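Chemist: First the structure, which I've put down as structure tokens, then a few questions once you've had a look.
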Amino acid sequence: MNKLLDRFLHYVSFDTQSKPNVRHTPSTEGQTRLAQALRNELTELGFSDVTLSDKGCVMATLPGNVAWKVPVIGFISHLDTAPDFTAKHVNPQIVENYRGGDIALGNGDEILSPVMFPVLHQLLGHTIITTDGKTLLGSDDKSGIAEIITAMVRLKNSNIPHGPVRIAFTPDEEIGKGAQSFDIPAFGAQWAYTVDGGGVGELEFENFNAASATIKIVGNNVHPGSAKGVMVNALSLATRFHSELPADETPEHTEGYEGFYHLTTIKGNVERAEMHYIIRDFDKTQFEARKQKIIDIAHLVGKGLHRDCYIEVTLDDHYYNMRDKVAQHPHIIALAQQAMKDCDIEPIMKPIRGGTDGAQLSFRGLPCPNIFTGGYNFHGKHEFVTLEGMEKAVSVIMRIAELTAKEAVKH
């Protein structure tokens, strides 16, 4: 079996969903199990400086094979899968030589259709790895892990010139926590790339500014027959709150550089209600304005409430747009663009409508743009990846390492 595919199928067999609102890192035991397996694999493969931190981060080195001094570069992927959809008992399907049309996912009614996902029209003849319709796949970001390790093994076994390359696999990226405990001095790279993008050719160094908002509403419940002037219905206040937000500034109505408010959960009863939002915007000023709007609406809806009833807002920033940090190092982007072109891939520069570990790491001093994995429809049952896309990612990783060495010899 193709070693890249073999690795990927092995990694997705680990249930590594991260869990929000957990104090420790990694947030789940499955991530630790995968981290330990990767540490053992990298040791057996003969890599240097293989470590596993108490925070669940795996690091290793591919030593350089040239006599001249080359900057240390890095490649990073994450261990966890998203909490959005179940990842227990992932059962991948392999569709070889895709001929077009609908792909049945498992034995149920779920299908992967080019009507809903037109990108499938571009993938005729490819090997497509899908879910069975019951779980997500975990291509985000186990395809990245498989691609990085495969690229390092191929470099190790070739005579392609390269300098020292550091690799790292981080926990809890999906809940925005893994990069907080990433040891940048121990990693020791001058710059790095997260391998955590989507379709072939994606190259990204802009991402959302991101925050979460928790709205707690305390009402007053009495018998509805004698409620006039006494009852304060927390659920009614919650719906009023939500209706004050712009209806067209939600994920399902926005694209490109447009920001949004996204209500992710709402629960409660007459007495108490709780709402959770995520807030996203590329522009820092508009991002701050969105957070202020949440506060302003809470004041508006809460105006005149009985003193025992109230609306409480908690805002929490998660990460910021890395554009300004990475743009200070244009050669990092140019290198990735050149590597893609050398591999006959047209670079697609686009903003990430999400975040990566690279955003936090860039702000902490490790510039870290994002390159593609060849996967699509992350975080749900329609997630899939192509083997050809994964092979192209491997080629780009290897070419970046080679170009870095070639550029260094010129200087």
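Chemist: Keeping all protein chains in place, calculate the accessible area per residue for segment 1-61 (probe 1.4 angstrom), answer in Å².
Modeler: Heavy-atom accessible area per residue stands at 51 Å².
Chemist: For segment 92-192, what relative contact order do you get, as a whole percent, if you take Cα pairs closer than 8 Å and at least 6 residues apart?
Modeler: Details: 84 pairs, mean separation 21.8, N = 101.
Once divided by the residue count of segment 92-192, the mean separation gives 22 percent.
Chemist: For segment 1-116, what is the relative contact order in percent, using Cα pairs closer than 8 Å and at least 6 residues apart in sequence?
Modeler: Across segment 1-116, relative contact order equals 23 percent.
Chemist: Still on this structure, I have one more. To the nearest 10 square angstrom, what accessible area does His223 show with a 1.4 Å probe?
Modeler: For His223, the solvent-accessible surface is approximately 130 Å².
Chemist: Another question about this same structure. 7 Å from Cα along Cα→Cβ at both Lys69 and Thr265: what's the point-to-point distance in nm?
Modeler: 5.2
Chemist: Here is a further query. Using the alpha-carbon atoms, what tilt in degrees (0 to 90, nearest 10) does helix 139-156 show relative to the longest principal axis of the chain?
Modeler: The two axes meet at around 20 degrees.
Chemist: Give, in nm to one decimal, the length gained when the segment between Thr314 and Asn157 is fully stretched (0.36 nm per residue of separation minus the Cα-Cα distance).
Modeler: 51.3 nm is the gain from fully extending Thr314 to Asn157.
Chemist: Further question: Using +1 at the Cβ of each Lys and Arg and -1 at the Cβ of each Asp and Glu in segment 200-263, identify which of Pro224, Phe208, Pro246 lies farthest towards the dipole's positive end.
Modeler: Comparing the listed Cα positions along the dipole, Pro224 ranks first.
Chemist: Could you order the peptides 281-288, 167-174, 192-199 from most to least packed, using the average number of other C-beta atoms within 10 Å per residue?
Modeler: 167-174, 192-199, 281-288
Chemist: Now for a separate question. Can you sort Tyr277, Tyr257, Tyr319 by 1.4 Å-probe accessible area, starting with the largest?
Modeler: From most accessible down to least: Tyr257, Tyr319, Tyr277.
Chemist: Over the chain, what is the percentage of antiparallel beta bridges among all DSSP beta bridges, to the nearest 5?
Modeler: The answer is about 75 percent antiparallel.
Chemist: Shifting gears a bit: Report the label-to-label distance for Phe117 and Ala227 in nanometres (one decimal), using points 7 Å from each Cα along the Cα→Cβ vector.
Modeler: Calculated label separation equals 4.4 nm.
Chemist: When all protein chains stay in place, what accessible area (Å², nearest 10, 1.4 Å probe) is found for Asp316?
Modeler: 80
Chemist: Between segment 213-255 and segment 18-49, how far is it from one alpha carbon centroid to the other, in angstrom?
Modeler: Using only Cα atoms to place each centre, the spacing works out to 41 Å.
Chemist: Just to verify a number: FRET efficiency for Thr51 and Glu96, C-beta to C-beta distance, R0 = 41 Å, to 0.05?
Modeler: So, using R0 = 41 Å, E works out to roughly 0.60.
Chemist: A follow-up question, please. With every protein chain left in place, what is the accessible area of His306 in Å² (1.4 Å probe, nearest 10)?
Modeler: 100
Chemist: Counting only protein heavy atoms, what percent of the accessible surface of the chain is carbon or sulfur at a 1.4 Å probe?
Modeler: 50
Chemist: Still on this structure, please answer the following. Considering amide H positions built from the backbone, and no H for Pro or chain starts, which residues 5 or more places from Tyr261, or on another chain, come under 5 Å of its amide H?
Modeler: Here the answer is Thr250, since their amide H atoms fall under 5 Å of that of Tyr261.
Chemist: Right, here's the next one. Please work out which option in [x] 83, 49, 37; [y] 58, 56, 49; [z] 59, 54, 43 gives Cα extents along the principal axes in Å calculated from these coordinates, and answer with its label.
Modeler: Label [x] holds the value from this structure.
Chemist: Still on this structure, please answer the following. Convert each backbone phi in segment 277-289 into a coupling constant with the Karplus relation 6.51 cos²θ - 1.76 cosθ + 1.60 (shift: θ = phi - 60°), then list the ³J(HN,Hα) values in order as whole Hz, x for Gly and Pro.
Modeler: Karplus-based 3J(HN,Hα) across segment 277-289 equals 10, 10, 10, 9, 6, 6, 8, 5, 5, 5, 4, 5, 5 Hz.
Chemist: Moving to a separate point now. Could you tell me whether segment 259-411 comes out rounded, prolate or oblate from its Cα gyration tensor? Rule is a ≥ b ≥ c as square roots of the eigenvalues, rounded for a/c under 1.5, then prolate if a/b exceeds b/c, otherwise oblate.
Modeler: Taking the square roots of the gyration eigenvalues as a ≥ b ≥ c, segment 259-411 is prolate.
Chemist: I've got another one for you. Once the Cα atoms of helix 387-410 and of the chain are each reduced to a long axis, what angle between those two axes, in degrees from 0 to 90 to the nearest 10, is obtained?
Modeler: 60
Chemist: Still on this structure, please answer the following. If you rank Glu147, Glu271, Glu252 by how much accessible surface each has, with a 1.4 Å probe, what is the order from largest down? Display every interim value, and only then the final one.
Modeler: Working: Glu147 0, Glu271 75, Glu252 135 Å².
The ranking, largest first, comes out as Glu252, Glu271, Glu147.
Chemist: Give me the one-decimal nm value for the distance between modelled label points at Lys3 and His89, 7 Å along each residue's Cα-to-Cβ direction.
Modeler: A separation of 3.3 nm, rounded to one decimal place.
Chemist: Test of understanding: what is the full-extension gain from Leu305 to Leu124, defined as 0.36 nm times their sequence separation minus their Cα-Cα distance?
Modeler: Full-extension gain reported as 59.1 nm.
Chemist: How tilted is helix 330-342 with respect to the longest principal axis of the chain? Cα atoms for both, answer in degrees (0 to 90, nearest 10).
Modeler: The angle comes out at about 60 degrees.
Chemist: Can you compute 3J(HN,Hα) from phi for each residue in segment 104-120, using the Karplus curve 6.51 cos²θ - 1.76 cosθ + 1.60 with θ = phi - 60°, rounded to whole Hz and x for Gly and Pro?
Modeler: 6, 9, x, 9, x, 8, 6, 9, 10, 10, x, 5, 7, 10, x, 4, 4
The values are calculated or read from the model by the stated rules, or taken from the named source; none is laboratory data. Just so it is clear, the structure is predicted and the values come from calculations on it, not from any experiment. Counting neighbours? That spans all protein chains shown, and the Cβs are built from the backbone with ideal geometry, glycine included. In case anyone asks, the SASA skips ligands and DNA or RNA and just uses the protein heavy atoms, side chains included. Shrake-Rupley method; radii C 1.70, N 1.55, O 1.52, S 1.80 Å.
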